[in-house]
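In what follows, a structure is listed as structure tokens, so that the remarks can point back to it.
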Amino acid sequence: MKLLVVGSTGLVGRHALTLALAHPQIETVVAPVRRPLPAHPRLLSPVVDSDALPADAPWWHVDAVVCALGTTMRIAGSEAAFRRVDHDYPLAVARLARAHGATTYALNSALGADTGSRVFYSRVKGEVEHDLAAMGFDSLTFVRPGLIGGDREEFRAGERAAMVVLRALHPVLPKRWRINPAERIAQALIDAAVHARPGTHVVSSQALV
């Protein structure tokens, strides 16, 4: 199969890309990026501008999409900028891939995703899930981790502090509140893309511990 991975330079995306390139059922991986990635015989990494994606590029012809795009309010700088990365970009990729024949989409979403949430972050995650569900993918999977464990390139003070607390409380915490390793999240995304089960599915934070 041919797989499109977006957000391949982020914490979860890096693991997803590594897993995809090693997977025996994936022949080609397309990973659009802002800066070139190291060469690999099965990797195509076109350099793109997320605000002006090339609608007719031949590499949109894929079987499935794994989307690991995401940011934080602190990094984005405003609600509008956050929404653009976590809602608009995943939908733009979905529309173009769907128009070129993709039938499967797996999204790294978040615990608490809900269109009716009073929390802006959770509401945006719920809205992108809702809008993706209307696009007609044969197989659609939402992976909803809680706090993601792993080494990020950028420093996130709030997450670092939360990680220390959750690690200390790990033995007594309910599974849904435990740290979800980035590798487990990436594996769930790749599995969803490869197996392409018909319908809409949710992978909960409990399943990612």
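Ligands, DNA and RNA left out, the accessible area of the range 89-143 computed with a 1.4 Å probe is 49% carbon and sulfur.
Between Thr18 and Val48, the simple spin-label model (points 7 angstrom out along Cα→Cβ) gives 2.4 nm.
Based on DSSP H segments of at least four residues, each scored -39500 (n - 2.57), the chain has a per-residue ellipticity at 222 nm of -10500 deg cm²/dmol. Per residue, the accessible area of the chain comes to 49 Å² when a 1.4 Å probe rolls over the protein heavy atoms.
Here the spin labels are modelled as points 7 Å beyond Cα on the Cα-Cβ line, and at Ile75 and Arg35 they lie 1.3 nm apart.
Thr28 sits with roughly 40 Å² accessible to a 1.4 Å probe, with DNA, RNA and ligands left out of the calculation. May I ask you to list the trypsin sites (Lys or Arg not before Pro) in the range 75-154 that are in a DSSP loop and have at most 10 other Cβ atoms within 10 Å of their Cβ? Passing both the DSSP loop test and the Cβ count: Arg118.
Scanning the chain for GluC sites (Glu not before Pro) lying in DSSP loops with no more than 14 further Cβ atoms inside 10 Å, the longest uninterrupted stretch between such sites is 28-152. Each Lys and Arg Cβ is given +1 and each Asp and Glu Cβ -1; about its Cα centre, the chain then shows a dipole of about 640 debye. When you restrict to C-alpha pairs under 8 Å that are six or more residues apart and normalise by the size of the range 67-117, the relative contact order lands at 43 percent. A simple spin-label model places pseudo-atoms 7 Å from Cα toward Cβ; at Asp138 and His100 they are separated by 1.9 nm. Annotation: amide H of Val203 within the under-5 Å range of Phe142, Val143, Arg144, sequence separation 5 or more or interchain, hydrogens built in the peptide plane. Between the residues Phe137, Pro36, Ile190, the greatest Cα displacement towards the positive end of the dipole of the chain, with unit charges on the Cβ of Lys, Arg, Asp and Glu, is found for Ile190.
The values are calculated or read from the model by the stated rules, or taken from the named source; none is laboratory data. Treat the numbers as computed from the prediction; the structure is a model and nothing was measured. Reconstructed Cβ throughout: ideal geometry from the backbone, glycine too, with neighbour counts over all protein chains shown. SASA here: full protein model, heavy atoms, side chains in, ligands and nucleic acids out. Shrake-Rupley method; radii C 1.70, N 1.55, O 1.52, S 1.80 Å.
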